[in-house]
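Engineer: Structure provided below as structure tokens; questions to follow.
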């Protein structure tokens, strides 16, 4: 009988099967019980969501400006892209916001990142390296955790990786280069920390591509340059405005305005500070812990303990091969992966980073982890094929055991920890309080300071216009002391005086002793105190 499929076809089918299996593993890990773990609304994702809600309903943000390129938010700023990605979802939901809307942009981008990372490693190395990368990223603690809640800064790694993927494939198909430029440009609206890094990445990639004649001056490279410039220009104007070189600017519907506080002093200003920041990065990499239980689950860390060893091996292999190619003056595509690490290194030197501030490093490091594993397997496989397979099976087993432990901790201990940090129960407490106040003509609701004002604004569906028309600011600008919704005044913080029987109180766990004359209703860690 005539042979229909070649060995190459069979290998390709096997590769596709492994890809879809691992992609499905990663996707399911990120969407199962989404909105339940972590439960509740974390304050930063809530502020981003409330600005999106206000832009949809009245076209202004918390500071009263129309469609800003960068939000004032807490006073020190918040990147805007996450909020803009929520707008079409809010429209589909009839103008309302829920946890799915807040977290869906991150989930979609994370899924795209899984596919992009696989594509990058297949382009740069081998199908084996691509499959290992997808496996490691699918079960990676950091990527799983950050994919499941809507912190705007965590969009940045995804857009950077998509930018790299389109760039690599654009070297052969220049029509893809504008998509790379679009992703790199949009990454600037994800996280301000990477503003100094993206130009370095683009410059190094461009110089290397032109030097080896993989890029040429044509309509696609010109268009790509224009896209990056057009997207970066508003943020460059934003910097000039906040350094007092320019007044506030209106570009059509978009606003560029001076914030109450501009964080320009966080970058290292001396060699001593740079060295201190490098030590901090090394500490972070070694310990894989930042002391914040909602950011990392110990002992699993960012990469699991075993991951650090292979990351180091992978970086060494990448450096040696890149150095060899430079000596031979040969084009070496993995150089572009090294560029991503250089960019992350710049962040680590300029800023005293925590887990989020250096998030642009993690996916390139996971790629290096895969390189390290493949280098070991390749070295062993040249001599002893059976031993190579045994090592591969052993590594898979170890990683899966780590992953099983992480998943168990995530859906048990972590679930309980985030109940407090993500204010679970506060939504029900606030909405119940507002409903009772309106029905019984109660005028004042006092709220424990542990619950932040963006949460209350979002829960009560208060627009920025309603907020700005009624807000009384505290001494800690731009935080409010109080604001009014539907005739009910919300007071931020509870006074030390005795509770008043004509007021409603929302209390955090353990602060209920003085409210014996009130009817207490518990919502997880929150209590609603209503006069009897």
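Engineer: Can you give the calculated 222 nm mean residue ellipticity of the chain, where each DSSP H run of n ≥ 4 adds -39,500 (n - 2.57) and the sum is split over every residue, rounded to the nearest 500 deg cm²/dmol? Please report the intermediate quantities before stating the final value.
Structural biologist: Values: 19 runs with 304 residues, N = 532.
Mean residue ellipticity at 222 nm (helix-derived): -19000 deg cm²/dmol.
Engineer: While we're here: Could you sort the peptides 26-33, 249-256 by per-residue average Cβ neighbour count (10 Å cutoff), highest mean leading? It would help to have the intermediate numbers written out before the result.
Structural biologist: Values: 26-33: 16.5, 249-256: 14.0.
My ranking of the peptides, most packed first, is 26-33, 249-256.
Engineer: Return 220, 526 ranked ascending by Cβ neighbour count within 10 Å, so the fewest neighbours appear first. Provide the component values of the computation, followed by the final result.
Structural biologist: Working: 220 18, 526 25.
Ranked by crowding around the Cβ, least crowded first: 220, 526.
Engineer: Here's something else I'd like to know. Could you tell me how many degrees, from 0 to 90 and to the nearest 10, lie between the Cα long axis of helix 305-328 and the main elongation axis, the longest principal axis, of the Cα atoms of the chain?
Structural biologist: Taking Cα atoms only, the helix is inclined about 50 degrees.
Engineer: Hey, how many Å between the Cα centroid of the stretch 387-413 and the Cα centroid of the stretch 305-352?
Structural biologist: The distance from the Cα centre of the stretch 387-413 to that of the stretch 305-352 comes to 26 Å.
Engineer: Please give the length that would be gained between residue 92 and residue 175 if that part of the chain were fully extended, namely 0.36 nm times their separation in residues minus their C-alpha to C-alpha distance (nm, one decimal).
Structural biologist: Details: separation 83, 0.36 × 83 = 29.88 nm, distance 3.23 nm.
So the extension gain works out to 26.6 nm.
Engineer: For helix 271-287, what angle does its Cα long axis make with the longest principal axis of the chain, in degrees from 0 to 90 and rounded to 10?
Structural biologist: Its long axis makes an angle of about 80 degrees.
Engineer: Roughly how tilted is helix 219-242, in degrees to the nearest 10 and between 0 and 90, from the longest Cα axis of the chain?
Structural biologist: The answer is roughly 30 degrees.
Engineer: Still on this structure, please answer the following. Only bridges with both residues in the chain count here: give the DSSP antiparallel percent, nearest 5. Working shown, then result.
Structural biologist: Values: 22 of 30 bridges.
Around 75 percent of the beta bridges assigned by DSSP in the chain are antiparallel ones.
Engineer: What relative contact order, as a whole-number percentage, does the chain give when Cα pairs under 8 Å and 6 or more residues apart are counted? Walk me through the numbers on the way to the answer.
Structural biologist: Working: 805 pairs, mean separation 92.5, N = 532.
Relative contact order comes out at 17 percent.
Engineer: Students often check this: by mean Cβ neighbours within 10 Å, which of 505-518, 11-24 ranks highest, and how do the rest follow?
Structural biologist: Values: 505-518: 16.1, 11-24: 13.9.
Order by mean packing, descending: 505-518, 11-24.
Engineer: A further question on this structure: So, in Å, what gap is there between the alpha-carbon centers of the stretch 36-96 and the stretch 276-298?
Structural biologist: Result: 29 Å between the Cα centres.
Engineer: Report the Cα centroid-to-centroid distance between the stretch 500-527 and the stretch 170-194 in angstrom, as an integer.
Structural biologist: After rounding, the separation between the Cα centres reads 51 Å.
Rule-based calculations on the coordinates, nothing more; no lab input. Only a predicted model underlies this, so the values are computations on that prediction, with no experimental measurement involved. As a convention, Cβ positions derive from the backbone with ideal geometry for all residues, glycine included, and neighbour counts pool all protein chains shown.
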